[in-house]
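Everything on this sheet refers to the single structure shown next.
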Amino acid sequence: MMKLCVSRELIISAPGRWEAQYRDTKDPKKQAITDRLRELDTSTATAAEVRQIIGNGSWSFFRCDECDQEVERAVRFTAEYSDHSTTLCPSCLRAAAALATAILP
């Protein structure tokens, strides 16, 4: 199965996911992040803003399994009845399509 993944989904869900993960924390830094994410307008926030608040991009960007870059759009491939998935950015998808159409001698 193929699914288009966009950062907007991650941005919208970031405050709730963060709160669920760190609900019982006593760490003041994590509590401050919770407060800043609660104040975030997820309808207009950017992936970069979420990264700045949290300190890393894993909450608002996808990571391409081929080039290892953080991207805001990707296609995720998941085999039926499998928990494993592969995520590819548009650049790597274009390269794969070009490779697949190459004429071999």
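The values are calculated or read from the model by the stated rules, or taken from the named source; none is laboratory data. None of the values given here were measured: they were computed from a predicted structure. Please note: Cβ atoms are built from the backbone with ideal geometry, for glycine as well, and neighbour counts cover all protein chains shown. Heavy atoms of the whole protein, side chains included, go into the accessibility calculation; ligands, DNA and RNA do not. Shrake-Rupley method; radii C 1.70, N 1.55, O 1.52, S 1.80 Å.
Within the range 1-28, restricting attention to residues that are out of contact with any strand residue (DSSP E or B) (no Cβ under 8 Å at 6 or more places or on another chain) and under 20 Å from Val75 (Cβ atoms), the residue that is least open to solvent (accessible area, probe 1.4 Å) is Ile11.
Of the candidates Gln31, Gln69, the single residue that is polar (S, T, N, Q) and either in contact (Cβ under 8 Å) with a residue 24 or more places away in the chain or surrounded by 13 or more Cβ atoms within 10 Å (Cβ to Cβ) (or both) is Gln69. Please tell me if Thr44 is among the β-branched types (Val, Ile, Thr), free of Cβ contacts under 8 Å to residues at least 40 places away in the same chain and open to solvent by less than 30 Å² (accessible area, probe 1.4 Å). Judged against the criteria, Thr44 is not a match.
Within the range 1-23, being free of Cβ contacts under 8 Å to residues at least 12 places away in the same chain and either in contact with a Lys or Arg (Cβ under 7 Å, 6 or more places away or on another chain) or under 16 Å from Val71 (Cβ atoms) (or both) holds for Arg8, Glu9. Can you confirm whether the range 49-59 contains a residue that is closer than 30 Å to Arg94 by Cβ, aromatic (Phe, Trp, Tyr) and surrounded by 14 or more Cβ atoms within 10 Å (Cβ to Cβ)? Scanning the range 49-59, I find at least one residue that is closer than 30 Å to Arg94 by Cβ, aromatic (Phe, Trp, Tyr) and surrounded by 14 or more Cβ atoms within 10 Å (Cβ to Cβ), so the answer is yes.
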